[in-house]
Amino acid sequence: MADFLTKKEDNYAQWYNDLVIKADMAENSAVRGCMVIKPYGYAIWEKVQSELDRLFKQSGHVNAYFPLFIPKSFFAKEADHVEGFAKECAVVTHYRLRNNKDGRGIEVDPEARLEEELIIRPTSETIIWNTYKNWIQSYRDLPLLINQWANVVRWEMRTRLFLRTAEFLWQEGHTAHATKNEAIEETKTIINLYEHFAQDFMGIPVLKGYKSDSEKFAGAVDTYAIEALMQDGKALQAGTSHFLGQNFAKAFDVRFTDKSGELQYVWSTSWGVSTRLIGALIMAHGDNNGLVLPPNLAPVQVVIIPIYKGNTQLDSISATALKIKSELEKSGLRVKYDDRDTHKPGFKFAEYELKGVPVRLAIGPRDVENGTAEVARRDTMEKEVISLDKVTDHVTGLMTDIQKNIFSKSLAFRDKNTFRIDDWDEFRNTIENKGGFILAHWDGTAETEEKIKNETKATIRVIPLDNETEDGKCIYSGKPSKQRVVFARAY
RNA sequence: CGGGAUGUAGCGCAGUCAGGCUAGCGCACUACGUUCGGGACGUAGGGGUCGGGAGUUCGAAUCUCCCCAUCCCGACCA
């Protein structure tokens, strides 16, 4: 396992800090567990955003934006939903400040109390359904396929950089459908889209399935999820897609007239992924030299570094480098030429490794003379000298290779850390000492699930879709079971 | 919210137990010079209300009380 995950390495702070810093307001800090995402970390998020957005639009979705504030009363309308989120809401109670009586500092003006408190959205179902009510009258208004890019706030007891911050960026889709089947299809379409994105863009293999009742989203009929395995053996829920049935439609009275003139409640879904994905990227692929980014999401795919003494050398090297840069860009690559003379080559090498740039080209006087460049790949740290006329093809090929290699490395890791277990002691022992995914039989009851969680901290991550049936006995209760489910300790 | 730990320069830390030189070290930063194919070296510099407030004392980073924040372990969660 990479040392950075245990926070033992010196450079952990350094390269983590390169992406993000934890908000730290100087005095009486109330900004607890919030992130400042620095430009490089944000550039990765922007890549995630643009690729996902493209996929959403391909499947017929459009973007919109809804208010940050949600009246408290909206929350009370769906019973499970309020129960799920009530404990972690930030609440706005006043709308004005005034000068302190003693003339020093400011205080909340007690006269300016809001008649109804506003909740800072922890998720937008309620305000969106309150709005949809007015948008949906007829079957002709359906389906409504809307996504929102936004920030949300959840006042978690305990925060964790990237994985669980008090404020986070995400996308949340909220769709309305005329039929139950269509809504279920939408839920599946999206979880498949997330799976595709995780595996083919992020290079992270995921298990796809649905959640047990106790792990479901508050207010959902069914929750589908993708689960990834991190290098420390813990599972990370990387994306969820919820079939909400008619729960929110009934809570917010969203009805439409169908083709036969009858009034019906709509069927709905919601789904989302967050900046947690950046955390997944870090923990799934990172090594002791820093980040390892999959080419499909790397803000910079190729960095070119000149090695030179003096300006004369730099000029001739730059001419070569810029030519290569434009060739690479012509074949669609994101390229950076770093000719800063304030840092030495060795420093730059280390810096871009820290940032996870997939391929590095180094060009020095020797290369100019021989018509070559040194090509180094981040995932394997291998270097080779390539002649300039072949460089573009070679690097283009490397992008595909690296993308594949990162994925298969993660897949091999997951396979190595996935265990089929039928014995309770072995189950406990594996969870405690090895981590990873455990495929085990479960009797299907919430009681058993709860007991396993209490004794081992392992939860059912997913009940895999398209699971093969198999007769067996519950790992804990010994009662009969028809299929294996996936257990793990999770973030 | 319970148990434990921590808070000193941008980052990482020593000093606190046992109060007392002008509050230190490494990295980073600035200037000049030499360097430049794997995180350069030398010389000279800059940067601190020691998390905040109150108290004890001739004297507080150090002792006492209160508050705030962070990290780890629980409960909660994308």
Where in the stretch A:205-225 does the amide nitrogen come within less than 19 Å of the point 7 Å from the Cα of A:SER408, taken along Cα to Cβ? A:205-206
Starting from the coordinates of the alpha-carbon atoms of the stretch A:249-297, obtain the Kirkwood hydrodynamic radius over all distinct pairs and give the value in Å to one decimal. 15.0
Hey, could you grab the Kirkwood Rh for the stretch A:295-340? Inverse mean 1/r over distinct alpha carbon pairs, Å, one decimal. 11.2
Using a probe of 1.4 angstrom, how much of the accessible area of the stretch A:120-262 is carbon and sulfur, in percent? 44
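If you take the Cα atoms of the stretch A:77-216, find Rg, then find the Kirkwood Rh from the mean of 1/r over all pairs, what is Rg/Rh? Can you show the working numbers first?
Numbers: Rg = 20.1 Å, Rh = 18.8 Å.
Rg/Rh: 1.07.
Which whole number of Å³ per residue matches the convex hull of the alpha-carbon atoms in the stretch A:368-491? Numbers along the way, then the final one.
On the way: hull volume 16.2 nm³, N = 124.
Measuring per residue, one finds 130 Å³ for the Cα hull of the stretch A:368-491.
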On the protein heavy atoms, probe 1.4 angstrom, tell me the percent of accessible surface of the stretch A:430-487 carried by carbon and sulfur. 46
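Between A:TRP149 and A:ASP339, what FRET efficiency follows from the Cβ-Cβ distance if R0 is 30 Å, with the result rounded to 0.05?
Values: r = 35 Å, r/R0 = 1.18.
Once rounded, the FRET efficiency stands at 0.25.
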Taking loop as defined by DSSP and a crowding limit of 14 other beta carbons within 10 Å, which trypsin sites (Lys or Arg not before Pro) in the stretch A:291-326 fit? A:LYS309
In Å and from the alpha-carbon atoms only, list the Rg and Dmax of chain A. 26.0, 81
R0 = 22 Å: FRET efficiency of A:LYS457 with A:LYS482, Cβ-based, nearest 0.05? 0.30
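What percentage of the solvent-accessible surface of the stretch A:330-415, computed with a 1.4 Å probe over protein heavy atoms, is contributed by carbon and sulfur atoms? Don't skip to the answer; put the middle values down first.
Details: 2330 of 4440 Å².
Answer for the stretch A:330-415 is 52 percent, counting heavy atoms of protein chains only.
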For A:ALA112 and A:GLN264, what does the FRET efficiency come to when R0 = 30 Å and r is the distance between their Cβ atoms, rounded to the nearest 0.05? 0.10
Which one, A:VAL485, A:THR469, A:VAL359, projects farthest toward the positive side of the charge dipole computed for chain A from Cβ point charges (K/R +1, D/E -1)? A:VAL359
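Tell me the mean residue ellipticity at 222 nm calculated for chain A from its helices only (DSSP H runs of n ≥ 4, each -39500 (n - 2.57), averaged over every residue, nearest 500).
-11000 deg cm²/dmol
With the Cα gyration tensor of the stretch A:178-330 in hand, convert its eigenvalues to equivalent ellipsoid semi-axes via √(5λ) and list them largest first in whole Å. List each step's numbers first, then the result.
Details: eigenvalues 464, 83, 23 Å².
Semi-axes (√(5λ), whole Å): 48, 20, 11.
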Would you tally the net charge around A:LYS336, using a Cβ to Cβ cut-off of less than 13 Å, leaving A:LYS336 out, and scoring K and R as +1, D and E as -1? +2
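Calculate, for chain A, the solvent-accessible area per residue in square angstrom, rolling a 1.4 angstrom probe over the heavy atoms of the protein chains. All intermediate terms of the calculation are to be shown ahead of the outcome.
Working: 23210 Å² over 491 residues.
Result: 47 Å² of accessible area for each residue.
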PRE reach from A:ASP200 (point 7 Å along Cα→Cβ): which of the stretch A:249-284 fall under 14 Å by backbone N? none
Angle between chain A longest axis and helix A:446-456 axis [Cα atoms, degrees, rounded to 10]: 40
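Can you give the local net charge around A:THR257? Use residues other than it whose beta-carbon is closer than 13 angstrom to its beta-carbon, Lys and Arg +1, Asp and Glu -1. Walk me through the intermediate numbers first.
On the way: positive: A:ARG140, A:ARG255, A:LYS259; negative: A:ASP141, A:ASP258, A:GLU262.
Every neighbour counted, the sum reads 0.
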From the phi of every residue in the stretch A:466-471, what ³J(HN,Hα) in whole Hz does the Karplus formula 6.51 cos²θ - 1.76 cosθ + 1.60 yield, where θ is phi - 60° and glycine or proline is x? 6, 5, 6, 7, 7, 6
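Around A:SER481, what is the net charge, scoring Lys/Arg as +1 and Asp/Glu as -1 over all other residues with Cβ under 12 Å from its Cβ?
Working: positive: A:LYS473, A:LYS479, A:LYS482, A:ARG484; negative: A:ASP422, A:ASP443, A:GLU470, A:ASP471.
With Lys, Arg at +1 and Asp, Glu at -1, the neighbours total 0.
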Would you mind computing, in nm to one decimal, how far apart the modelled labels at A:SER138 and A:MET381 are, each placed 7 Å from Cα along Cα→Cβ? 6.6
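The values are calculated or read from the model by the stated rules, or taken from the named source; none is laboratory data. Please read all numbers here as calculations on a predicted model, not as lab measurements. In this analysis, Cβ positions are derived from the backbone assuming ideal geometry, glycine residues included, and neighbour counts consider all displayed protein chains. Calculation scope for accessible area: heavy atoms of the full protein, side chains included, ligands and nucleic acids excluded. Shrake-Rupley method; radii C 1.70, N 1.55, O 1.52, S 1.80 Å.
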